[in-house]
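The values are calculated or read from the model by the stated rules, or taken from the named source; none is laboratory data. Because the structure is a prediction, the values reported are computed rather than measured. These accessible areas exclude ligands, DNA and RNA; they are computed on the full protein's heavy atoms, side chains included. Shrake-Rupley method; radii C 1.70, N 1.55, O 1.52, S 1.80 Å.
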Amino acid sequence: MTQQAAALQTYNNELVKCIEDLHTKREELNRQIKLEEEEKDRLQHDIRVLSEKLSRVNESLTQRLAARATFDRTIAETEAAYTKILESSQSLLSVLKQEAGNLSKATEPRRKEH
């Protein structure tokens, strides 16, 4: 029976060692889980911060794009109006020159015909 007792003691020691190893591995796994949970929390925080920043940038960009469109429209309308003014000025100048020529002819002394 002493051999059986010794074998039983050996099995018991091995079983205790295996259980201790399992506890050690579990503690290491638990430590890794906590590290990853902390990393996950940091990343989620960063995502929230970046999402808020992205939202602000998108809002600002939308406003700036609308302002640019207003500038483009105003510039186009102003250039069109300016072109019409130039065309009208050119027509007015042409008419004025023609009328001045007509007035000059009308005010010149007439030559006597023989």
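Conditions tested, residue by residue: (1) open to solvent by 100 Å² or more (accessible area, probe 1.4 Å); (2) not charged (D, E, K, R).
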site: Gln63; (1), (2): yes, yes
site: Lys84; (1), (2): yes, no
site: Gln90; (1), (2): yes, yes
site: Ser94; (1), (2): no, yes
site: Gly101; (1), (2): no, yes
site: Ser104; (1), (2): no, yes
site: Pro109; (1), (2): yes, yes
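Scanning segment 17-37 for residues that are open to solvent by less than 100 Å² (accessible area, probe 1.4 Å) and charged (D, E, K, R) yields Asp21, Glu28.
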